[in-house]
Amino acid sequence: MRDQGRLVEWFDEKGYGFIQPNEATKDRVFLHIKDFARQGPRPIVGCALEYKVLLDGQGRFRAQQVTYLKASQMQEKVTKLKKANGQQQQKLKAMQIACIAYILALAVFSIAGLLNGMVLLFISIINAMTYWMYAQDKEAALQGNRRVPEQTLHILSFLGGWPTAWLAQEKLRHKTEKQPFRKIYFCTIALNILLILWLISPLNVLKF
């Protein structure tokens, strides 16, 4: 995946520095002079760059195949980012409403006696575990350690941890761009809602 940003720190004598992506929520990217796609003028702080991002052996986001950008190219990218950010904000608001509605619904079902209080306690614990698992997976990704299986994250989401899963994805900037994962995540939300509806319905013969 190629991205764009500006050089915010450069140590010319050592031949490396850091890029701040145009999307401010993204982490800085390490850049070495040898990672430029072709030879050119020495980089200076503030120059616009386009690059490919990878995670190196030290757990850093690193730029490769780096090229310089013209001002017109940079402006076009910024315009697209503003449009994408606007769409993202709309999605965030929709998810915030969904999470609040879910929590309120669980509370109402519990107060009305339709849902056992232990189920509410169980879902609360699952949500705490879910955020912790996402944080551990993010740290493992940065340090190059063993990752938390995606299946585990999806199971926690299905069991009711999807609100904090969404919170962790956005706050930790983790799993937000991995489309197969996100699609399955939204499926676990639907399945969890169906599970809650079954628990409060007459079809639930287990009565818990």
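Rule-based calculations on the coordinates, nothing more; no lab input. A quick note: this is a predicted structure, and the numbers were derived from the prediction, not measured. Counting neighbours? That spans all protein chains shown, and the Cβs are built from the backbone with ideal geometry, glycine included.
Give me the tail of P(r) for the chain as a percent: Cα-Cα pairs with distance above 27 Å. Tail of the P(r) past 27 Å holds 47 percent of the pairs. Close amide H pairs (under 5 Å, H built 1.01 Å from N) link C47 with L7, residues at least 5 positions away or on another chain. Against the chain, whose longest principal axis comes from its Cα atoms, helix 71-111 is set at around 20 degrees.
Using only the Cα atoms of the range 167-208, build the gyration tensor, take square roots of its eigenvalues as a ≥ b ≥ c, and label the shape rounded, prolate or oblate: rounded if a/c is under 1.5, else prolate if a/b is larger than b/c, else oblate. It comes out prolate by the Cα gyration axes. Considering only M129, M118, M95, the mean-square fluctuation computed in a Gaussian network model of the chain, springs between alpha carbons under 10 angstrom, is largest for M118. Between the amide H of F36 and those of V66, distances stay under 5 Å, these residues lying 5 or more places away or on another chain, with hydrogens modeled in the peptide plane.
The distance from the alpha carbon centre of the range 88-154 to that of the range 5-32 is 34 Å, rounded to a whole number. When you count the other C-beta atoms within 10 angstrom of each residue and take the mean per peptide, 155-167, 25-37 line up highest first as 155-167, 25-37. Karplus-based coupling profile of the range 189-197, in residue order and whole Hz: 5, 4, 5, 5, 4, 4, 4, 5, 5, with θ = phi - 60° in 6.51 cos²θ - 1.76 cosθ + 1.60 and x standing for Gly or Pro. Could you tell me which of the pairs K70/K175; K93/K183; K91/K175; K52/K178; K70/K178 are separated by over 26 angstrom between their Cα atoms in the structure shown? In this structure, K70/K175; K70/K178 lie more than 26 Å apart at Cα. Rounded, prolate or oblate: which one fits the range 2-69, using the alpha carbon gyration tensor with axes a ≥ b ≥ c (rounded when a/c is under 1.5, else prolate when a/b beats b/c, else oblate)? Rounded, because the longest to shortest axis ratio a/c is under 1.5.
The mean of 1/r over all pairs of different alpha-carbon atoms in the range 86-199, once inverted, gives a Kirkwood hydrodynamic radius of 14.7 Å.
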